[in-house]
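Report on the structure given below.
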Amino acid sequence: MKRIFLLLSAAFLLFTGCESTQERITKQSFAFDTVISITADKKDKEHIDKALGMCNEYELIFSRTNPESELYKINNLSVSTLSPHMENVLNFSLDFSEKTQGAFDITVAPLCALWNVNSRKEPPTEAEVKAALNTVGYEKLSLSPFSLNGATLDLGAVAKGYIADKLAEGFREKGVDNVIIDLGGNVFVLGEYTVGIRNPSSPDEVFATIKLKDKSAVTSGAYQRYFEYEGKRYHHIIDPRTGYSAQSGISSVTVVSPSSMHADALSTAIFILGEDALSLCNEFPDTDALIITKDNKVITTDNFEEKYNLSIQ
Ligand code: AMP
Ligand code: MG
């Protein structure tokens with residue numbers, strides 16, 4: 001049996017047990033502030049190129065920081081006509097913000113900008129956090145008619161999931177059914193693969209493996225983007241109730257679902273709310289989750305072990 005071993009960008013180590021007589025190819029690009037890669041049969045190379053090209057187009061819709069993007073124009077130039085893709089993501093996100101009572105909140109943008117964990121060296125002052133918090137709250141956002149009412153939007157917790165779903169849909173439509181889409185922590189596999197979940201305390205190591213077929217797996221972890229100051233870690237997942245990095249005792253959450261958008265939003269929300277929020281998975285079809293706590297305990301939704309052939313390394 002041929003066994004391919006791939007080191008994927010943000011969240012997973014991945015290898016397949018699929019028998020494949022076809023030569024495989026992996027192509028990489030940079031989008032959504034992360035390395036993205038797509039693997040498929042070599043004969044499907046042009047479909048990979050097309051999908052990577054689509055990533056650039058999606059970036060021009062969902063990036064918070066690119067002045068050319070639709071989201072940037074909504075936030076900074078009060079543009080209020082929405083593309084269908086934007087409308088889809090905002091509809092889902094607003095609904096999900098309500099479901100999580102604002103733990104997941106796409107109006108968290110001022111806090112993300114303030115914390116800016118990629119380049120900050122020390123935390124902002126309490127007064128700065130408080131001022132940013134005053135402009136956060138999904139209740140401010142109205143979709144029809146569209147109005148921000150002083151809020152600004154960040155889709156970093158959900159857009160990659162939406163895009164992974166669209167790319168997978170595109171491959172399926174073309175009859176390409178053996179693909180790994182990796183958008184830096186959001187993985188979608190068409191075909192059957194064994195996927196490794198990184199050890200959050202030592203991210204180059206595999207903590208556990210799971211078997212996936214035609215599904216997405218998305219991990220949110222405190223090890224993905226952060227800085228440390230005076231022995232304390234400040235990471236990129238913000239609890240809108242406090243204005244600070246979420247501290248729920250979780251090191252990483254991996255959500256498995258046929259919808260990468262659902263998995264993406266859920267992984268962020270469960271990370272913030274803690275293990276009791278695993279029950280949120282019940283609200284979505286065929287969706288499950290695995291938590292690794294700070295003290296290395298594993299907590300999962302029911303039957304996870306059997307359903308995904310969980311193997312802790
Ligand atoms: P993820 O890596 O999917 O958990 O998403 C984290 C990203 O989502 C951050 O980098 C921010 O862009 C954004 N974000 C941070 N906190 C929240 C939150 N409470 N609700 C929604 N989006 C958030
Ligand atoms: Mg997410």
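The values are calculated or read from the model by the stated rules, or taken from the named source; none is laboratory data. Keep in mind it's a predicted model, so treat the numbers as computed, not measured. All Cβ positions, even for glycine, are placed from backbone atoms using ideal geometry, and neighbour counts span all protein chains on display. These area figures cover heavy atoms from the full protein model, side chains too; ligands, DNA and RNA do not enter into them. Shrake-Rupley method; radii C 1.70, N 1.55, O 1.52, S 1.80 Å.
Nonpolar atom fraction for segment 189-252, defined as the carbon and sulfur part of the 1.4 Å probe accessible area, stands at 41 percent. Between Ile106, Ile74, Ile238, the Gaussian network model of the chain with springs among Cα atoms under 10 angstrom shows the greatest mean-square fluctuation at Ile74.
Candidates Ala157, Gln247, Ser201 compared by Cα position along the dipole of segment 144-255: farthest toward the positive end lies Gln247, with charges placed on Cβ.
Between Tyr229, Tyr58, Tyr72, the residue with the greatest mean-square fluctuation in the GNM of the chain (Cα pairs under 10 Å linked by springs) is Tyr229.
Taking a 24 Å limit on the Cα-Cα distance, which of the listed pairs Lys43/Lys160; Lys50/Lys73; Lys45/Lys160; Lys232/Lys294; Lys73/Lys140; Lys27/Lys121 fall beyond it? Violating the 24 Å Cα-Cα cut-off are Lys43/Lys160; Lys50/Lys73; Lys27/Lys121. Dipole magnitude for the chain: computed about the Cα centre from +1 point charges on Lys and Arg Cβ and -1 point charges on Asp and Glu Cβ, it is near 580 debye.
Taking every C-alpha pair closer than 8 Å and separated by at least 6 residues, the mean separation divided by the residue count of the chain gives a relative contact order of 18 percent. According to the Cα-based calculation, Rg over Rh for segment 3-312 is 0.95, with Rh computed by the Kirkwood formula. Among Asp44, Asp182, Asp165, the largest mean-square fluctuation in a Gaussian network model of the chain, built with springs joining Cα atoms closer than 10 Å, belongs to Asp44. The chymotrypsin sites (Phe, Trp or Tyr not before Pro) of segment 90-152 include none that meets both criteria, a DSSP state outside H, G, I, E and B (loop) and at most 14 other C-beta atoms within 10 angstrom of the site's C-beta.
Looking at segment 175-264, the accessible area is 32 square angstrom per residue; that uses a 1.4 Å probe and ignores ligands, DNA and RNA. What the pair-distance distribution of segment 157-313 shows, using all Cα-Cα distances binned every 10 Å from zero, is 11, 42, 35, 11, 1, 0 percent.
Helix 260-273 and the longest principal axis of the Cα set of the chain meet at an angle near 50°. Loop sites by DSSP among the GluC sites (Glu not before Pro) of the chain, restricted to those with at most 13 other Cβ atoms within 10 angstrom, leave 69-229 as the longest stretch without any of them.
Karplus-derived 3J(HN,Hα) values for segment 155-169, using 6.51 cos²θ - 1.76 cosθ + 1.60 with θ = phi - 60°, are 10, x, 8, 9, 5, 4, x, 4, 5, 4, 4, 5, 5, 4, 4 Hz; glycine and proline are entered as x.
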